[in-house]
Structures are given as structure tokens and as C-alpha cells.
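Peer 1: My structure is below; once you've seen it, I'll send some questions.
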Amino acid sequence: MAAEQELTSTQYIGHHLTNRTVSLADGPFWTLNIDTVLTAAMLGVIGFGFLWWVVRGATAGVPNKRQAFVELLFDFVDGQVKGIFHGDRSLVSPLALTVFVWVLLMNAMDFIPVDLAALFTEHVLHQHVWKPVPTSDVNTTFALALSVWGLMLFYNVKVKGIGGWTHELFCTPFGSNILLMPLNFLFNLVEYISKPLSHALRLYGNIYAGEIIFMLLWMWAATGLVGSLFGGVLALGWAIFHILIVGLQAYIFMMLTIVYMSMAHESH
Amino acid sequence: MNLTVTMIAQAITFFVFIFFCKKFVWPPLVKAIESRQKEIADGLAAAERGKQELQQAAKRTEEIMLEARQRATELLTQADKRAAEIVEEAKTVAKNEGERLIAGAKAEINQEVLSAKETLRAQVATLAVAGAEKILRREVDAKTHADLLRAVQAEL
């Protein structure tokens with residue numbers, strides 16, 4: 001971005017972490033982060049489109065390499081679900097697959113150097129600000145976490161019934177003594193509030209922090225030859241380490257999803 | 001970082017992807033995997049069955065071979081016995097036949113002897129009579145001494 005003279009580090013980081021927004025109505029709530037939504041949707045379409053394309057030609061006979069890869073993925077997800085969730089997996093397994101693939105792809109956007117992505121969004125899409133990593137937007141992680149949370153509540157009621165669930169809220173984990181009921185309820189309340197919070201913020205925090213570290217390194221890389229060299233080497237190291245974080249966070253997000261769904265299906 | 005309508009949009013996108021995954025992506029591949037698993041399981045079971053059948057067939061072959069061997073031995077024994085019997089029978093028959101022939105020959109010889117004796121006797125009688133006749137030509141009347149002569153003839 002040669003046009004911008006005298007860019008301070010705050011401006012640089014701020015620029016890359018600002019969402020491209022569209023106001024749908026008055027009020028701060030109605031600002032839509034169009035970059036987050038479009039990037040996420042595009043990644044989802046690519047990811048699930050690929051899976052759909054492979055699955056449509058799936059054969060029960062000898063699979064080709066593409067199908068074997070997808071089967072490996074399915075088997076991995078289904079194996080994780082099978083280990084935790086005991087019951088009809090026809091919803092939970094696809095849910096876990098969706099979460100894993102989508103979050104992994106969104107996280108993986110972190111690997112594209114921000115300034116390279118900006119080059120594309122600036123000159124091809126003609127957007128001055130465009131945040132390329134959807135999971136570094138807290139809206140995405142909360143959307144996923146709260147959706148899972150909503151499904152969890154829905155299945156709590158569906159499996160245990162209103163009465164059963166209420167009983168569980170007041171009588172676990174300490175027992176059904178009348179004196180312990182407020183304590184039980186408080187305990188469960190904290191648990192139900194902390195679940196989506198930790199679910200969403202863990203992913204958000206990891207990816208956001210990863211992005212900031214990349215940006216700090218890129219800034220160093222802009223300070224001359226030595227800076228470029230060390231910044232580049234460190235960024236490579238961080239990128240390699242980040243492969244682990246990207247995969248691990250997607251995995252953790254999927255596992256928590258499965259665990260929460262499994263807790264909704266198991267009565268105490 | 002503030003929560004906005006973006007969250008709702010993302011949630012909707014999420015549910016669309018969940019629906020798509022549950023409806024179009026998950027079932028076909030799982031079906032393919034499961035039918036392959038079934039095929040493999042069937043194949044293994046068939047192989048196991050085939051192996052068992054092969055074992056049974058080998059066992060049956062063994063039994064049949066054993067039986068055939070036993071039968072052959074039995075037949076050989078029977079044949080030996082039969083041959084011995086035939087030889088024995090032939091021997092008996094031959095001995096009987098020989099004895100019969102000998103008996104026949106003996107009888108014939110006796111017959112011959114008897115008839116020779118008869119002839120001899122007749123000839124001796126004739127000779128004796130002729131001799132006597134010559135001696136007694138004149139003194140013996142054949143007619144008168146016929147009885148005597150016949151008695152002599154019979155004694156010879």
C-alpha cells in the first residue's frame with residue numbers, strides 16, 4: 001500500500017482488523033460485517049461443495065484417492081462422535097463435520113499473509129478494508145457457539161422433557177435435597193452461561209491472537225533488510241506452529257460441540 | 001469487537017450448511033462406506049465358509065479314499081479266497097474224474113478179462129473137445145457123451 005504514507009503501527013494493525021461493514025438499519029447492532037459473512041459463506045460453499053462433489057460420485061467399491069481422503073475425514077469425525085455421543089448420530093455427526101470443516105477452513109484463512117489478501121481485496125474487489133479471517137470476528141464464533149448452545153437446549157427439552165430438564169437443573173449435581181436446589185440451580189446457571197462463552201471466546205482468542213502476532217511480524221518485516229529476514233523467518237516459524245493451532249482449535253470446537261450435544265442427550 | 005447482526009447472518013449460514021451436510025453430504029458417503037463394510041464382511045464370511053467347505057471336502061475325500069482302499073483289500077481277499085476255492089474245486093473235480101476214469105478202466109479191464117476168459121474157456125473147451133474127439137473118435141460117441149462134454153466145458 002504505497003499510497004499510504006507514514007503508516008503507524010496502530011493504524012496498520014487497526015486497518016487489518018477492521019471489518020468491512022454495511023449498515024442495515026439505525027443503531028450499532030444493525031451493522032453487518034459483510035467481509036466476515038461473505039468469506040465464511042464462500043469458504044463453506046467451497047468446502048461443502050467439494051465434499052458434495054466427491055460424495056455424489058462415491059462408490060461402495062474400491063474408492064479413488066479423493067474419495068478415500070473424504071472417507072478418512074468422515075471416519076475421523078464419526079469416530080470422535082461415536083466415542084462421546086451414544087445414540088442416534090444422524091444429526092450429531094453431520095453437525096460435527098460441518099463445524100470441523102467450516103471452522104478449519106475459516107481458521108486456515110490466517111495462513112494467507114494479510115497484505116497479500118489485502119492486495120486482492122483492494123485491487124480486485126475494490127474494498128479498502130476487508131478482514132479475511134472470519135473466525136477472528138467474534139460474531140462468527142458466537143454465532144457458532146450460540147447455535148450449538150441453542151441445539152443443546154432444544155435437545156435437552158426434546159430428550160428429557162421440560163420436567164426432566166427442570167429436575168436436572170435443580171437436582172444436579174449435588175442431589176435433590178430442597179436446601180440444595182438453589183445451589184444446584186446457580187451451579188447449572190453458571191455452567192450454561194459459561195459453555196457458549198468459553199466455546200466462542202477460546203476460538204476467537206486463539207485466532208485473533210495468532211493474527212496479531214503475524215501482523216507484528218509483518219511490521220517488523222517492513223523495517224529494512226534485517227527486519228525482513230528475521231521477520232520472514234519468524235513468520236514462517238509462527239505459520240508452521242499456527243498449522244497446529246488452526247487444526248487444534250477446529251478440533252476442540254468440534255469436540256466441545258459433540259460433548260455439549262452428548263450432555264443434552266444424557267440424563268442423570 | 002461488538003456483537004451485531006453479523007452473528008445472526010453467520011448463524012443462518014451455519015444452519016444452512018448443517019442442513020446441507022445432513023441432507024446431501026453425510027448420508028451418501030456413509031451409505032457407501034456401510035455397504036462396503038457389509039460387502040467386506042460378507043466376503044470374509046464367504047471365504048470362511050469356503051475354507052470350511054474345503055476342509056469338509058478334504059475330510060470326505062479322505063474317508064472315500066479309505067473306504068475305497070478297504071473295499072479293494074476286501075475284494076483282493078475275496079478274489080484270493082475264490083481263486084483258492086476254484087483251484088480246490090478243480091482239484092476235487094479232477095481227482096473225482098480221475099477216479100471215475102480209473103474205475104471205468106478197471107471195469108473195462110475186468111470186462112475184457114472176463115470176456116477173454118469166456119473166449120478162452122470156449123476155445124479150451126472146443127480144443128479139449130476136439131482133442132478128446134480125436135482121441136475118442138472112434139470110441140466115444142459124441143451124441144452119447146454130449147452131457148458129459150458139456151459138463152466138462154462148464155467146468156473150464
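Peer 1: Hey, among the residues in region A:28-48 that are part of a helix (DSSP H, G or I) and over 19 Å from the mean Cα position of the chain (by Cα), which one's farthest from B:Phe17 (Cα to Cα)?
Peer 2: Taking region A:28-48 first, the residues part of a helix (DSSP H, G or I) are A:28-30, A:34-48.
Retained after the next criterion (residues that are over 19 Å from the mean Cα position of the chain (by Cα)): A:28-30.
Working: A:Pro28: 27, A:Phe29: 24, A:Trp30: 23 Å.
Filtering first and then ranking leaves A:Pro28.
Peer 1: Determine whether A:Ala25 is facing another protein chain (nearest Cβ under 10 Å) and either under 25 Å from A:Leu119 (Cα atoms) or part of a strand (DSSP E or B) (or both).
Peer 2: On the way: facing another protein chain (nearest Cβ under 10 Å): yes; either under 25 Å from A:Leu119 (Cα atoms) or part of a strand (DSSP E or B) (or both): no.
The answer is no for A:Ala25.
Peer 1: Can you name the residue in region A:117-150 that is in a helix (DSSP H, G or I) and open to solvent by 30 Å² or more (accessible area, probe 1.4 Å) and is also nearest to the other protein chains (Cβ to nearest Cβ) among such residues?
Peer 2: This residue is A:Leu146.
Peer 1: Evaluate the following for A:Trp130: is it at pLDDT 90 or above and among the aromatic types (Phe, Trp, Tyr)?
Peer 2: no
Peer 1: Assuming A:Leu97 fulfils every condition listed in (1) among the aliphatic types (A, V, I, L, M); (2) within 8 Å of chain B (Cβ to nearest Cβ); (3) open to solvent by 10 Å² or more (accessible area, probe 1.4 Å) apart from one, which condition is it?
Peer 2: If we test A:Leu97 against (1) among the aliphatic types (A, V, I, L, M); (2) within 8 Å of chain B (Cβ to nearest Cβ); (3) open to solvent by 10 Å² or more (accessible area, probe 1.4 Å), just (3) comes out false.
Peer 1: Considering only residues that are closer than 14 Å to B:Met7 by Cα, facing chain B (nearest Cβ under 9 Å) and not hydroxyl-bearing (Ser, Thr, Tyr), which ones fall in region A:28-63?
Peer 2: Correct list: A:Pro28, A:Phe29, A:Trp30, A:Leu32, A:Asn33, A:Ile34, A:Val37, A:Ala40, A:Ala41.
Peer 1: State yes or no: is A:Asp88 open to solvent by less than 20 Å² (accessible area, probe 1.4 Å) and away from chain B (no Cβ under 11 Å)?
Peer 2: Values: open to solvent by less than 20 Å² (accessible area, probe 1.4 Å): no; away from chain B (no Cβ under 11 Å): yes.
Spelling it out, it is not the case that A:Asp88 is open to solvent by less than 20 Å² (accessible area, probe 1.4 Å) and away from chain B (no Cβ under 11 Å).
Peer 1: Looking only at region A:105-136, which residues are among the acidic types (Asp, Glu) and out of contact with any helix residue (DSSP H, G or I) (no Cβ under 7 Å at 6 or more places or on another chain)?
Peer 2: A:Glu122
Peer 1: Give the residues of region B:1-48 that are open to solvent by 30 Å² or more (accessible area, probe 1.4 Å), in a helix (DSSP H, G or I), within 7 Å of chain A (Cβ to nearest Cβ) and not aliphatic (A, V, I, L, M), sorted by residue number.
Peer 2: Within region B:1-48, B:Phe15, B:Phe20, B:Lys22, B:Phe24, B:Pro28, B:Ser35, B:Arg36, B:Glu39 qualify.
Peer 1: Kindly provide the set of residues from region A:197-227 that are farther than 18 Å from A:Ile112 by Cβ and open to solvent by less than 50 Å² (accessible area, probe 1.4 Å), ordered by number. Give the steps one after another, and end with the answer.
Peer 2: Restricting attention to region A:197-227, the residues satisfying the condition of being farther than 18 Å from A:Ile112 by Cβ are A:197-205, A:220, A:223-227.
Answer for region A:197-227, where residues must be farther than 18 Å from A:Ile112 by Cβ and open to solvent by less than 50 Å² (accessible area, probe 1.4 Å): A:Ser198, A:His199, A:Ala200, A:Leu203, A:Tyr204, A:Gly205, A:Gly224, A:Gly227.
The values are calculated or read from the model by the stated rules, or taken from the named source; none is laboratory data. The structure presented is a predicted model; accordingly, all values stated were derived computationally and were not measured. Neighbour counts run over all protein chains shown; Cβ positions are idealised from the backbone, glycine included. Just so you know, the surface numbers come from the protein's heavy atoms only, side chains and all, with ligands and any DNA or RNA stripped out. Shrake-Rupley method; radii C 1.70, N 1.55, O 1.52, S 1.80 Å.
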